[in-house]
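Coordinate-derived values only; no laboratory data. Since we're looking at a predicted model, the values are computed, not measured. Reconstructed Cβ throughout: ideal geometry from the backbone, glycine too, with neighbour counts over all protein chains shown.
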Amino acid sequence: MDPAVLLVAGWATAVFGTVRMRREPRRLSTGLLLLVALSLVLVGAATAVARVAAPDVLDTISLAVRGLFLLAVLATGFGLLGNGIAVMLREGVRPITLTPVLAGVGLLILPVAVASALRSGPEVPPWLLLLATATTLAGGYLLAHLLAFAGHAVVYDRLPDEIGADAIVVLGCGLNRNRVTPLLASRLQRALRVYRAETAAGRGPLLVTSGGKGSDEALSEADAMATYLIRAGVSDESIVRERESRNTEENLRNSLALLRDGGMDLGNARITVVTSNFHALRAAALTRRLGVQAQVAGARTALYFIPAAFLREFAAVLTTHYRRLHAGVAALAVTAVSGAAAHAYLLT
């Protein structure tokens, strides 16, 4: 294809995606749109270089790019593997701490699958070629989603806070018996900064502490969070406790219901949700799905814990969003692999 067409299409897609991001930054599909724009520009640039470069220079560039990509994949894979082991040693073996290990192993397997899929000849069994091809396609699909989600999350986390909230909803994340954990304390400190900025501007937003009582907790997260905020100088009258939720969606639904029952017009109200930075984009997408005007402020998280927590968020997004896209891609993949398998069977 003409590189000029690819470059124009890429820049046009980038402009459209940027405008879309500015108008509604909570729309998750914008991350994929911007990834497509970047891919079109890179392919267009590579095609243009291929048309003017000498063959030996082109071979050198191609080898260098493939080598760098392989190095990046392997370095990321080993890095996630090491991070997962370190997190498990500090936090124990749990589904969330196992996530970096699984992702790291997957990235280390991906180059092997790609190399196997590109092999040919009678010494390669058809079933192995099909397995390698399916693994490569699945890995590429997941990697594309991860890159799009990660890029979107970084951009969203850097958006400036807007003053003017009618309510600030703080999402819980578990207690240590009856004590606020460091992760939850970071969210509460972020909520206090948002609240003080609002009061300094002459507003008096409600603070909603949201979180139920777990089986290993002595009281609800909402009550523990409220106590923390009161000790920090927030009046008890400014706090609404939501004590029933067990996950993020329930946090938001139940908190909004309490505000609605208290007389707030959610159609015109502005909400600021406070959570951890790794969780901000998924929470923002949920507020959009619930139909409220909301921004999400992310609290900083210990660096060692971010890969595990972020990958868990990515897995949650994959299961709750893009379902029609997943179904369409899966149908195409099954059709293609089935056709290739039938062709290989007829040749034997």
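Just a few scattered comments:
- Mean Kyte hydropathy of 0.5 or more with a Cα span along the axis of at least 24 Å, helices from DSSP in the chain: 3-23, 29-52, 55-91, 95-118, 126-157, 323-347
- Neighbours of T248, meaning other residues whose beta-carbon lies under 15 angstrom from its beta-carbon, give a summed charge of +2 when Lys and Arg score +1 and Asp and Glu score -1.
- Around the Cα centre of the chain, unit charges on the Cβ atoms of Lys, Arg, Asp and Glu (plus for the first two, minus for the last two) sum to a dipole of about 260 debye.
- A straight line joining the Cα centroids of the stretch 1-30 and the stretch 232-304 runs 30 Å.
- 222 nm mean residue ellipticity, helices alone, for the chain (DSSP H n ≥ 4; -39,500 (n - 2.57); rounded to 500): -23000 deg cm²/dmol
- For the chain, with +1 on Lys and Arg beta carbons and -1 on Asp and Glu, the positive-most of G44, I96, L107 along the dipole: I96
- Efficiency of FRET between S338 and I109 - r from beta-carbon atoms, R0 22 angstrom, step 0.05: 0.45
- Its residues counted as N, the stretch 167-301 yields a C-alpha radius of gyration over 2.2 N^0.38 Å of 0.95.
- Note, ³J(HN,Hα) from phi for the stretch 291-299, Karplus 6.51, -1.76, 1.60, rounded to Hz, x at Gly and Pro: x, 10, 7, 8, 10, 10, 9, x, 8
- Radius 12 Å from Cβ of P25, net charge of other residues (Lys, Arg +1; Asp, Glu -1): +4
- A simple count of charges around V292, restricted to other residues whose Cβ falls under 12 Å of its Cβ and scoring Lys, Arg +1 and Asp, Glu -1, yields +4.
- In this simple spin-label model, placing a label point 7 Å from the Cα along the Cα-to-Cβ direction at both A316 and E91 gives a separation of 1.2 nm.
- Counting every other Cβ atom within 10 Å of each residue's Cβ, S210, S186, S338, S62 order from fewest to most as S338, S62, S186, S210.
- Each part reduced to its alpha carbon centroid, the stretch 44-117 and the stretch 127-171 end up 17 Å apart.
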